[in-house]
Amino acid sequence: MGAISGGDRENQRIEEEEPYGVLLYYKYTSIPALSELASFYESNCSSLGLLGRVRLSPHGVNVTVGGRLAALEEHIDALKLNPLFEGTDFKLASCHHPLNNKVAQECGFTSLSIRVVEELVTFSPCPLLKSPEISNAGKHLSAAEFHSVLQNAGKLLDGNSGDDNKELILLDARNLYETRIGKFETTNVDTFDPEIRQYSDLPSWIDRNTDKLKGKNVLMYCTGGIRCEMASAYIRSKGAGFENVFQLFGGIQRYLEQFPDGGFFKGKNFVFDHRISVGSSKFDIIGNCLLCGSSFDDYSPRCRCQFCRMLVLVCDSCRVKGDLYVCELCRKHGKGTHTFSLELSSQHSETNGSETRQKLRILCLHGFRQNASGFKGRSGSLIKKLKNIAELVFVDAPHELPFVYQTPENDAPSSDQNPISTLPPGTCKKKFAWLVSPDSEKTDGTSWRLAEGKFDPLQYQYQTDGFDESLAYLKKVSSEQGPFDGILGFSQGAAMAAAVCGQPDSLKGEMDFRFCVLCSGFAPLPLLEKKRRSIRCPSLHIFGSEPGKDRQIVTRVSADLAEFFEEGCATVIEHDSGHIIPTRAPYIDEIKAFLKRFI
């Protein structure tokens, strides 16, 4: 055996002399004074040496902190003096002291992070849209009651003694990578695993599967209970036929405490702290290596999908330094292979103190008669100011346009008499469009022609063709360069982006944007056929105020585009500049605030 280093000896001494633990709790309740509560956490946790995550919202708290067990017990005692925390389920578990390694840093256990947020857990891509009432959440079942329901296959829920076990459905409210190492299993109950990347994808899954849930007894579970609160309330909000929703109080953690041999739970419970996972007394491994399929359930190497950054299981034998991997969901959607340079992955993440977070990837669509390189150049300030939270990907539109020129009086001789018409190829960059007029001509990219008239600020009204070709092109881009978290469009690019967001059902699995940013946009023909307030996609609308300096797309047209998005989904920023994306304060701060909702 090798010699133990001084640092390891110190950590070992801390573990032996100072019992360590992790505390998890949440409480949905109205917080009258957020700043005061934040100050309490800052003072109390700092004085007790507690590290971890504290999330506060006007609707409650969600906390995961670690420290000396005695300090955690003091923290609980202090909270119990506050009426806000009456009835709170404090889950305290002893464990090893976290080393200052990658896992501890990634889980936020090397510092104290106190943050005020809109939602304790982001349930919907549009956090403020039709949030379910927590008071309407499913009925809580204790670990013992939950176990009895599974054991009796639903007979205890409705009081009947029938044999129709199909009336009970077991619904896992967790992410796919969590379910891959542990889950409830019983042959007598239909079990649904939504196979979602993140919790905010669950509402969409519920919406697509209402026919499978209606009229059934839905039994839900998650890690500690907080995700079931929102999700069960969302199901019940759908009305008649969705009343019978139940949830495991305290989550898997309380169940394993009640049934240390695992009971109906197989494998390990994934947790969002340095422990990574917690198992029962049984040695069950239900996870499998992504590459070879052998039994494996250790996420400590922190291998991630190169596209969506979801955790993946790669065993010691298959793991090679420098490799990247593709998760099963991205593979299902045709994304690459696992043999890429590891260096590329660092481009999509940000380290901020002790927290590591994924950067957003945003597909950017330029305006009419522009190109990707030109739009990228003009967006240099935006790229710089968003560099810590987003990667902007610029692409050319598929419709190439002929070169045109104008004279001050627009009465110059025809193009074949003008020297500008004979400019050699490559003199100017090619120009493209997403939508074109019905009589748009093809171009060979070498000749110029005189514009038919002075600049027409209403030209966008005649650009009604080319949508299907542009849509097929964007599908190809998403397949080859995606996935993308969101889409940003400028002017005609905003019109195209809005039209794409207007048909999410037909694009499911091909282009799954979580949000859109529409700058100086307008409603294109494919969108005008839809009803107002019919698009359920979080959107940020940026355009010049009235009266403004934008001589191409007037304020009322861009404001009208926002009317196609559901109320509560559209955020508007009006600026006092022209046909641009503003990057000065306060506008850039508002743009950042919108994007940070999706990190």
Mind listing the long-range amide H neighbours of T571? Cut-off is under 5 Å, sequence gap 5 or more, other chains count too, H placed in the peptide plane at 1.01 Å from N. S539, L540, H541
Potential extension, N152-L34 segment - 0.36 nm per residue separation minus Cα distance: 38.0 nm
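How much accessible area per residue does region 467-594 have, in Å², with a 1.4 Å probe?
41 Å²
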Taking a crude spin-label model, label points 7 Å out from Cα along the C-beta direction, the T191 to S111 distance in nm is 3.9 nm
Once phi is turned into θ = phi - 60°, what whole-Hz ³J(HN,Hα) does the Karplus curve with 6.51, -1.76 and 1.60 give for every residue of region 67-82, x standing for Gly and Pro? x, 4, 4, 4, 5, 5, 5, 4, 4, 4, 4, 5, 5, 5, 7, 9
Placing each pseudo-label 7 Å from Cα in the direction of the beta carbon, R532 and S94 end up separated by a distance in nanometres of 6.5 nm
How large is ³J(HN,Hα) for each residue in region 555-570, as worked out from phi by the Karplus curve 6.51 cos²θ - 1.76 cosθ + 1.60 (θ = phi - 60°), to whole Hz, x for Gly and Pro? 4, 4, 5, 5, 5, 5, 4, 4, 5, 7, 9, 3, 4, x, 9, 9
Gain in length, K212 to T464, computed as 0.36 nm per residue apart minus the alpha-carbon separation, to one decimal in nm? 86.7 nm
Can you give me the distance in nm between label points at S437 and E574, each placed 7 Å from the Cα along the Cα-to-Cβ direction? 3.1 nm
Expected unfolding gain across E243-K139 under the 0.36 nm per residue rule, minus the alpha-carbon gap, is 36.5 nm
Do the alpha carbons of any pairs in K266/K332; K238/K266; K139/K596; K376/K476 sit beyond 30 Å of each other, and which pairs? K238/K266; K139/K596
Förster radius 45 Å - calculated FRET efficiency between K596 and E74, Cβ distance, rounded to 0.05: 0.85
In debye, nearest 20, what is the charge dipole magnitude of region 462-525 about its Cα centre with +1 on Lys and Arg Cβ and -1 on Asp and Glu Cβ, if you could check? 140 debye
Show me the ranking of peptides 230-240, 81-91 by mean Cβ neighbours inside 10 Å, starting with the highest. 230-240, 81-91
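Which shape class applies to region 162-250: rounded if a/c is under 1.5, otherwise prolate when a/b exceeds b/c and oblate if not, where a ≥ b ≥ c are the square roots of the Cα gyration tensor eigenvalues?
oblate
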Ignoring ligands, DNA and RNA, what accessible area per residue does region 219-277 give at 1.4 Å, in Å²? 28 Å²
What order, most packed first, do the peptides 35-44, 511-520 have when packing is the mean number of other Cβ atoms within 10 Å of each residue? 511-520, 35-44
With θ set to phi - 60° and the Karplus curve 6.51 cos²θ - 1.76 cosθ + 1.60, what are the ³J(HN,Hα) couplings of region 223-229 in order, to the nearest whole Hz, using x for Gly and Pro? 5, x, x, 5, 5, 5, 4
Is the C-alpha gyration tensor of region 169-220 telling us rounded, prolate or oblate? Criteria: a/c under 1.5 is rounded; beyond that, a/b larger than b/c is prolate, otherwise oblate. oblate
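The values are calculated or read from the model by the stated rules, or taken from the named source; none is laboratory data. Owing to the predicted nature of the structure, the values given are computational and were not obtained by experimental measurement. Positions of Cβ are generated from backbone atoms using ideal geometry, with glycine treated the same way; all protein chains shown enter the neighbour counts. Heavy atoms of the whole protein, side chains included, go into the accessibility calculation; ligands, DNA and RNA do not. Shrake-Rupley method; radii C 1.70, N 1.55, O 1.52, S 1.80 Å.
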